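To start, the structure itself, in structure tokens.
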Amino acid sequence: MDLQIRQRSIAAMSFEEISALLVNQEVHSRQDRRCAKQFKSAKLKYPQAVIEDLDCFASRGLELAAAMSLSLGLWVRSGHAVLIFSHIRRNTKLGVMHL
């Protein structure tokens, strides 16, 4: 059913519109492959980690809004630096992050 709907909508399109769709699909496909290759070569410790799973308890000194803001990368584009440091609590080996 979905294929039939798409075929009808494609039949109503001009050559330029169809070409634009194909080029757009190719660009996105290349970007997806490039990202997948970069993630694979990064050898991340937790490749399935997402920013939404970040533990933001007040005792850790990390606010969810600050973490989400940093994840957008606007600080990179605007040329700002971010210093992230941690310390080790006494009698434990837990690192604590402060922003």
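The values are calculated or read from the model by the stated rules, or taken from the named source; none is laboratory data. Being a predicted model, the structure only gives us computed values, none of them experimental. Cβ sites come from the backbone with ideal geometry, for glycine too, and all protein chains shown count toward neighbours.
Numbers at a glance
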{"read-out": "Every pair of residues 6+ apart whose Cβ atoms lie under 9 Å, when the first sits in the stretch 30-57 and is outside the structural domain of Gly73 (by TED's automatic domain parsing) while the second is exposed (fewer than 10 other Cβ atoms within 10 Å of the Cβ)", "value": "Phe39/Pro47; Lys40/Pro47"}
{"read-out": "Filter result for Gln25 (surrounded by 10 or more Cβ atoms within 10 Å (Cβ to Cβ), over 16 Å from the mean Cα position of the chain (by Cα), at pLDDT 80 or above and outside any loop (DSSP other than H, G, I, E, B))", "value": "yes"}
